[in-house]
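Take a look at the structure set out below.
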Amino acid sequence: MRTVIQSLSSGKTSVIDSPLPVVLDKGVLSHATRSLISIGTEKSLVKFGQGNLAQKARQQPDKVKAVVDKVATDGAIATLDSVRSKLNQPIQMGYCSVGNVVDSNCEEFSVGDRIVCNGPHAEVVSVSRNLAAKIPSNVSDDEATFVPVAAIGLQGIRLINPSLGETVVVMGLGLIGLLTVQLLVAQGCNVIGTDYDESKVKLAEGYGASGVVLTSDTDVVQAVKSHTSLDGVDAVIITASTNSSDPITHAAQCCRKRGRIVLVGVTGLQLNRADFYEKELTFQVSCSYGAGRYDPFHEEEGNDYPIGYVRWTEKRNFEAVLQLMQQGRLSVKELITSRYSVEDAGDAYSEVTSNKNAMGILLEYPDRGAETVLAKTVNLNQSLSSTVKSTIDKLAVSFIGSGNYASRILMPAFQSTDVTLDTVVNRGGVGGSHHGAEKGFKAVSTDADAVLKSETTDVIVVATRHDTHAKFVCDALHQGKHVFVEKPLGLTHAELDAVQAAVMSDAAAGKSLMIGFNRRFAPLVENMKTLLDAKPQPKCFNFTMNAGAIPGDSWVQSIEQGGGRIIGEACHLIDLMRFLAGSPIKSISAMAMGENTFDEVTEDKAVISLQFEDGSIGSIQYFANGGKVFPKERLEVFVGDAVLQLDNYRSLRGFGWQGFKYKRSLRQNKGQTICVQRYVDTLKSGKQALIPLSEILEVSRAAVTAAEQIRSS
């Protein structure tokens with residue numbers, strides 16, 4: 001299927017082939033006929049992408065400090081690589097799509113239903129049931145594409161809660177502003193629309209509003225007040241897009257006492273306290289389509305809010321807009337300024353950035369046949385066959401997962417070895433298409449089962465969300481594949497039991513299981529290992545992990561999806577101590593900071609204590625409440641009247657160490673590439689596994705046990 005993506009690095013818009021996305025558990029797949037380009041949102045993304053790094057930094061000053069802090073701890077080269085990687089992630093454009101249902105995992109939608117949804121510009125989109133609505137028969141596809149944009153204006157209206165006969169100002173008569181004007185008129189309000197564009201003001205007047213054409217000499221406040229007999233208007237909705245704070249100031253001065261102001265667009269936010277204090281004004285920023293926006297429980301998992309408690313969700317706002325269209329009370333035909341085939345999306349975005357009069361730009365999707373559009377696998381390199389291995393003696397590697405870590409670290413690492421990159425799999429298909437083509441994969445797919453069963457793949461790299469690791473590892477082993485899994489191996493002892501059984505099965509005979517415990521392969525860690533092996537007595541390890549805060553609602557913090565940060569990340573540190581000690585773990589204990597009312601946030605501030613069979617002991621301080629200017633990872637080892645101190649895999653110091661004082665690397669090196677290269681070498685040569693299976697399971701079980709202790713203490 002054809003999909004529109006944009007590069008945040010260059011601002012270039014591309015139309016790529018990508019496989020059919022996976023339908024959500026409570027969602028639908030829609031075969032698009034139309035989609036609407038949002039002039040405001042999408043124009044700002046294109047402009048951001050077209051800027052250089054300095055211009056991007058000025059637009060996101062909050063990110064600059066994080067970059068500066070990362071340079072201080074990780075080094076300039078590693079930081080630059082990270083920034084470039086973030087900018088290299090493809091962005092799917094658009095959020096206004098109309099099409100016909102081709103697959104459904106929910107009762108309210110059936111195959112063939114015509115729906116509008118917040119899907120991107122693509123031939124087929126996968127959306128939650130809570131972000132889609134059925135289109136009445138007398139509403140055209142063209143009209144329905146405007147529903148999500150209109151719902152943004154409707155949500156702003158709901159926040160000011162106008163009553164019949166109130167006077168409301170709409171500042172900024174772009175696409176959302178003109179739709180907002182019509183919605184307010186339909187609600188029985190007296191509407192005043194303001195804009196610098198006279199043609200847009202005339203459109204607003206045609207919808208029943210009073211218009212104010214702004215110029216550099218216009219006294220906005222007096223011009224607005226001249227249209228009402230009140231001492232100020234009841235409410236103002238700001239739909240303008242500007243860096244200036246003038247709209248906020250003017251809105252406050254236009255309002256009567258206890259008036260309401262809602263910001264739907266984007267403006268500066270330098271408020272004058274006196275304007276708000278003396279009139280007791282209320283000010284609120286509106287969040288997109290309505291209740292449920294950006295809530296994974298609602299949008300990703302497809303759970304609805306009870307109507308008795310939350311009357312107007314995103315979906316119900318969509319349906320309200322459609323009802324007005326069905327009744328002929330919301331007109332959009334005059335807002336359509338141009339049409340393009342999806343193949344000409346680049347030209348469409350050129351108009352977005354160059355034509356100041358552009359309003360509603362539609363992308364149309366010609367019918368190319370179900371076999372082409374609904375394909376789950378797409379060839380990326382026509383010169384390579386996706387069904388026959390290109391070189392008989394080369395290992396063929398397929399990836400399940402193409403997220404940031406996979407695309408930035410693991411794919412280049414495998415690419416640097418003498419292997420064939422076969423197929424990359426991800427649920428949406430777009431990330432896999434972009435990174436797969438960039439890294440030289442033969443194909444991209446959304447069908448993991450087909451790749452697991454493929455005769456052309458020798459090695460499966462599992463780089464998905466943590467809750468799927470154990471399942472994919474077991475499935476790959478049962479299909480007789482070698483497996484490289486990004487940590488963790490599993491989230492529970494039951495999952496680890498299943499992996500252990502799978503690797504010992506007849507199907508997996510002669511196949512290897514490797515986990516991405518890369519820190520033991522870091523050059524400075526290997527230097528430590530050599531030095532420590534010369535002192536065979538027990539050692540004391542002290543590891544400080546300045547982990548940094550991650551929001552509590554992140555999937556990483558979720559016990560079900562990410563397993564929490566102890567299992568998800570602290571497992572690295574347990575493995576590192578196990579490697580340097582060279583002795584099995586005898587016991588482990590863990591405790592978290594604060595009162596013992598466990599939640600997803602407190603687990604990332606904990607202390608883990610380890611005992612090893614040779615008498616060595618270790619302490620891991622895993623803290624998410626420290627400052628970013630402090631090194632993220634610091635390891636100190638005390639042994640034989642000497643100390644080794646490793647800082648962030650960039651410097652290693654020896655205190656009282658005969659023959660060694662200091663070693664430093666130009667850039668941070670956590671051993672990821674070395675780990676992969678040596679893994680491939682062992683597969684080709686038939687050498688002993690890099691990390692014994694018993695050790696992988698030992699460390700994985702220790703991490704699960706530590707997390708369980710924290711949750712139950």
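If the condition is being touching an Asp or Glu at 6+ places or on another chain (Cβ under 7 Å), buried (at least 17 other Cβ atoms within 10 Å of the Cβ) and farther than 14 Å from Gly153 by Cβ, then the stretch 314-340 contributes only Tyr340.
Scanning the stretch 190-220 for residues that are assigned to a helix (DSSP H, G or I) and of a type outside the set (A, V, I, L, M) gives Glu198, Ser199, Lys200, Lys202, Glu205, Gly206.
Specify which of the listed residues (Val266, Val310, Val285, Val213) is closer than 29 Å to Glu198 by Cα, under 29 Å from the mean Cα position of the chain (by Cα) and without any contact (Cβ under 8 Å) to a residue 24 or more places away in the chain. Result: Val285 is the single residue among Val266, Val310, Val285, Val213 that is closer than 29 Å to Glu198 by Cα, under 29 Å from the mean Cα position of the chain (by Cα) and without any contact (Cβ under 8 Å) to a residue 24 or more places away in the chain.
Kindly evaluate Ser385 against the criterion of being at pLDDT below 95 and part of a loop (DSSP other than H, G, I, E, B). Criteria met by Ser385. You will find that of Ala549, Ala534, Ala581, the residue that is in the same structural domain as Gln621 (by TED's automatic domain parsing), within 30 Å of Ala642 (Cβ to Cβ) and in contact (Cβ under 8 Å) with a residue 24 or more places away in the chain is Ala581 and no other. Residues that are over 13 Å from Ala448 (Cα atoms), of a type in the set (A, V, I, L, M, F, W, C) and crowded, with 20+ Cβ neighbours inside 10 Å within the stretch 475-495 comprise Leu477, Val483, Phe484, Val485, Leu489, Leu491, listed in sequence order. Considering the stretch 667-713, and only residues there that are among the aliphatic types (A, V, I, L, M) and more than 24 Å from Asp604 (Cα to Cα), the residue that is surrounded by the fewest Cβ atoms within 10 Å (Cβ to Cβ) turns out to be Ala689. Among the residues of the stretch 233-246, at least one is within 21 Å of Gly153 (Cβ to Cβ), modelled with pLDDT of 95 or more, assigned by TED's automatic domain parsing to the domain that holds Tyr196 and not in a strand (DSSP E or B). Selection of strands (runs of 3 or more DSSP E) fully inside the stretch 87-180 by the criterion of at least 1 residues being charged (D, E, K, R) and in contact with a Phe, Trp or Tyr (Cβ under 9 Å, 6 or more places away or on another chain) returns 132-134.
Against the numbered list (1) modelled with pLDDT under 95; (2) over 30 Å from Leu491 (Cβ atoms); (3) among the β-branched types (Val, Ile, Thr), Thr530 comes up short only at (1). Checked against the criterion of being more than 22 Å from Pro148 (Cβ to Cβ) and of a type in the set (Val, Ile, Thr), the candidates Thr194, Thr180 yield just one match: Thr194.
Just wondering, is there one or more residues in the stretch 456-464 that are at pLDDT below 95 and within 29 Å of Val28 (Cα to Cα)? For the stretch 456-464, residues at pLDDT below 95 and within 29 Å of Val28 (Cα to Cα): absent. In summary, Gln500 fulfils each of the numbered conditions (1) closer than 30 Å to Ala443 by Cβ; (2) outside the structural domain of Ile617 (by TED's automatic domain parsing); (3) out of contact with any strand residue (DSSP E or B) (no Cβ under 7 Å at 6 or more places or on another chain) with the single exception of condition (1).
Among residues of the stretch 474-492 that are farther than 23 Å from Gln672 by Cα, those with a beta-carbon under 9 Å from a residue that is part of a loop (DSSP other than H, G, I, E, B) and hydrophobic (A, V, I, L, M, F, W, C) at least six positions away or on a different chain give the pairs Gly480/Ala509. If you check Ser609, Ser694 for being within 24 Å of Asp533 (Cβ to Cβ), free of Cβ contacts under 8 Å to residues at least 40 places away in the same chain and part of a helix (DSSP H, G or I), only one passes: Ser694. Looking across the stretch 672-705 at every residue that is hydroxyl-bearing (Ser, Thr, Tyr) and more than 32 Å from the chain's Cα centre (by Cα), the one that is farthest from Ser583 (Cα to Cα) is identified as Ser685. Could we say that Ser616 is modelled with pLDDT under 95, outside the structural domain of His493 (by TED's automatic domain parsing) and in contact with a Lys or Arg (Cβ under 7 Å, 6 or more places away or on another chain) here? No. Within the stretch 452-473, one or more residues are over 20 Å from Gly564 (Cα atoms), touching a residue at least 40 places away in the same chain (Cβ under 8 Å) and within 23 Å of the chain's Cα centre (by Cα).
Within the stretch 214-253, the set of residues being closer than 23 Å to Glu42 by Cα and surrounded by 21 or more Cβ atoms within 10 Å (Cβ to Cβ) comprises Ile237, Ile238, Thr239, Ala240, Pro247.
Quick grid of which residues meet (1) under 21 Å from Thr464 (Cβ atoms); (2) touching a Phe, Trp or Tyr at 6+ places or on another chain (Cβ under 7 Å):
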residue	(1), (2)
Gln537	no, no
Cys540	no, yes
Gly552	no, no
Ser558	yes, no
Gly562	yes, yes
Glu569	yes, no
Leu573	no, yes
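Checked against (1) modelled with pLDDT under 95; (2) within 24 Å of Val15 (Cα to Cα), Glu108 passes all but a single condition, namely (2).
For beta carbons closer than 6 Å, sequence separation of 6+ or different chains, a first residue in the stretch 246-261 that is within 9 Å of Asp234 (Cα to Cα) and a second that is hydroxyl-bearing (Ser, Thr, Tyr) and not in a helix (DSSP H, G or I), the qualifying pairs are Arg260/Thr282.
Taken over the stretch 557-567, the residue count meeting the criterion of being surrounded by fewer than 21 Cβ atoms within 10 Å (Cβ to Cβ) and touching a Pro at 6+ places or on another chain (Cβ under 7 Å) is 0. The criterion of at least 2 residues that are closer than 24 Å to Gly429 by Cα is met, among strands (runs of 3 or more DSSP E) falling completely within the stretch 461-572, by 482-485.
The values are calculated or read from the model by the stated rules, or taken from the named source; none is laboratory data. Because the structure is predicted, anything quoted here is derived from the model rather than measured. We place every Cβ from the backbone using ideal geometry, glycine too, and count neighbours over all the protein chains shown.
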